[in-house]
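S.K.: Let me begin by handing over the structure; questions about it come next.
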Protein chains: 2
Amino acid sequence: MRRKAVVLLSGGLDSTTCLALALDAGFEVYALSFNYHQRHKIELEAAQRVVAALGAAGCLNLDLPLDAIGGSALTDASLAVPKDATAEEMQSRIPITYVPARNTIFLSLALGYAEVLGASDIFIGVNALDYSGYPDCRPAFIAAFESMANLATKQSVEGRLRYTIHTPLISMSKAQIIRTGRALGVDYSLTFSCYDPTPAGHACGHCDSCLLRQKGFAEADAASV
Amino acid sequence: MRRKAVVLLSGGLDSTTCLALALDAGFEVYALSFNYHQRHKIELEAAQRVVAALGAAGCLNLDLPLDAIGGSALTDASLAVPKDATAEEMQSRIPITYVPARNTIFLSLALGYAEVLGASDIFIGVNALDYSGYPDCRPAFIAAFESMANLATKQSVEGRLRYTIHTPLISMSKAQIIRTGRALGVDYSLTFSCYDPTPAGHACGHCDSCLLRQKGFAEADAASV
């Protein structure tokens, strides 16, 4: 019997690559997405396209009204998404697009889903290199979450499951992520990364996420010439 | 300025006592409740009564459709709530009323709420003595969650907040909890503990939660005679 894995899937470049890697590793994959009332909830359409293209044994889209908590430009329309940040700016600050405790919340729900499925493996596409300085993308956080998870559930306490949080992208550059996904046949035109899409649903081209994506493709394409 | 605290409040006996203790300790209290599509969502009316009676600087009720994940008699109507368990049965098994990763999920959302409020203190009414054997009520789990939380957020990583997860009831019997609350003026007739209320909203009197509550009041009243 194939081992089951839960993959957190936003529909962006990183989580889509993560899904491809989990499938390539032979897992029976269950994708988990969240409508967290994010400014860019159009990314959920990309998540659906990705699941349709790559395949998954199951997928769950959970409603999670994080706008009621707020505190981020991604969940509070009154806060502006920063545009045209330099690489230095991106490395030197945790931006207003940080969503309080988001990865803790997402991983916690993934843990509950994994326990019900009998899955011991959870994939998250965090990345500590070309990223926006988010605290919950760092290896120390992931290790602490994994330790906590193994004390948290019936399945782990009764010794039936030992959870592993997989972060296959954590040390990759965006260009490496793109090359990895392309080698696995990922069509990145299906994915969507922008934090602040236009009313027509197009990427803004200026937020941190757009800039990192553009830089990644530029580097990946230059390397492949 | 008073320190802020987030208190997880279900409307039951334990979390209500926890709220009273946080207020008594001088915190500016923000109550956080969840409509997790639980069988006994009538408990949320009790949570409102408790906040009205004891007071709170704020309260937030978040919708969280854990029935989409299922795996528990509390979120899946097709699973029966166990009735009339003996004390030995309660101590020897993790029952079907266990909700996968529930306290991890609730504490994660409390962490996000705390970060936005600038609160470093989170109260949860877990109890490792008169309880149903849930793994996420044990001191080892709480300690692991606290360690993880302090690596998870912008406020903790930038050194502005050091989170403490308070579990003032963890070593108390139900009778001790009731005596503690009574000394603080808690009116327990406002609270609601049953997992499986009747259609009219009355406690069933036979689930683990009802039995523990009855035993607690019997012992507290015997001790006070």
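S.K.: Which numbered condition in (1) facing chain A (nearest Cβ under 9 Å); (2) without any contact (Cβ under 8 Å) to a residue 60 or more places away in the chain is the only one that B:Leu79 fails?
M.R.: So B:Leu79 meets the others, but not (1).
S.K.: Take region A:110-130 and flag every residue that is more than 18 Å from A:Gln176 (Cβ to Cβ) and either among the hydroxyl-bearing types (Ser, Thr, Tyr) or modelled with pLDDT under 90 (or both).
M.R.: A:Tyr113, A:Ser120
S.K.: Now for a different question. Any chance you could count how many residues in region A:82-99 are of a type outside the set (Phe, Trp, Tyr), within 25 Å of B:Phe34 (Cα to Cα) and either free of Cβ contacts under 8 Å to residues at least 40 places away in the same chain or touching a strand residue (DSSP E or B) at 6+ places or on another chain (Cβ under 9 Å) (or both)?
M.R.: Selection size over region A:82-99: 0.
S.K.: OK, next. Of all residues in region B:121-139, how many are touching a strand residue (DSSP E or B) at 6+ places or on another chain (Cβ under 7 Å) and more than 23 Å from B:Asn61 (Cβ to Cβ)?
M.R.: Here the count works out to 0.
S.K.: Let me ask something else about it. Of all residues in region A:65-81, how many are surrounded by fewer than 21 Cβ atoms within 10 Å (Cβ to Cβ) and in contact with a strand residue (DSSP E or B) (Cβ under 9 Å, 6 or more places away or on another chain)?
M.R.: Total meeting the criteria: 2.
S.K.: Collect the residues in region A:49-76 that are within 14 Å of another protein chain (Cβ to nearest Cβ) and outside any loop (DSSP other than H, G, I, E, B), keeping them in residue-number order.
M.R.: A:Gly58, A:Cys59, A:Leu60, A:Asn61, A:Leu62, A:Asp63, A:Leu66, A:Asp67, A:Ala68
S.K.: Something else: If I go through region B:5-36 residue by residue, how many of them are buried (at least 18 other Cβ atoms within 10 Å of the Cβ), over 14 Å from the mean Cα position of the chain (by Cα) and of a type outside the set (Phe, Trp, Tyr)?
M.R.: Residues that pass the stated criteria total 3.
S.K.: Continuing with this model, one more query. Of (1) buried (at least 20 other Cβ atoms within 10 Å of the Cβ); (2) within 27 Å of B:Ala87 (Cα to Cα); (3) modelled with pLDDT under 95, B:Gly133 satisfies all except one. Which?
M.R.: Exception for B:Gly133: condition (1).
S.K.: Let me ask another. Between residues in region B:12-36 that are under 24 Å from B:Ala203 (Cα atoms) and residues that are part of a strand (DSSP E or B) and of a type in the set (S, T, N, Q), which pairs lie under 6 Å by C-beta distance while being six or more apart or on different chains?
M.R.: B:Ser33/B:Asn61
S.K.: Let me spell it out: the conditions are (1) in a loop (DSSP other than H, G, I, E, B); (2) polar (S, T, N, Q); (3) closer than 26 Å to A:Lys154 by Cβ, and B:Ser209 meets all of them except one. Which number is the exception?
M.R.: Going through (1) in a loop (DSSP other than H, G, I, E, B); (2) polar (S, T, N, Q); (3) closer than 26 Å to A:Lys154 by Cβ one by one, B:Ser209 breaks only (1).
S.K.: Another question about this same structure. Residues to consider are B:Leu60, B:Leu109; find the one that is surrounded by fewer than 22 Cβ atoms within 10 Å (Cβ to Cβ) and under 29 Å from B:Leu184 (Cα atoms).
M.R.: Only one candidate passes the filter, namely B:Leu60.
S.K.: Considering only helices (runs of 4 or more DSSP H) fully contained in region A:100-189, which possess at least 2 residues that are at the interface with chain B (Cβ under 7 Å from one of its Cβ atoms) and free of Cβ contacts under 8 Å to residues at least 60 places away in the same chain?
M.R.: A:102-117, A:139-152, A:154-157
The values are calculated or read from the model by the stated rules, or taken from the named source; none is laboratory data. What you see is a predicted model; the values in this text were computed from it and never measured. Every residue, glycine as well, gets a Cβ built from its backbone with ideal geometry; the counts of neighbours run over all protein chains shown.
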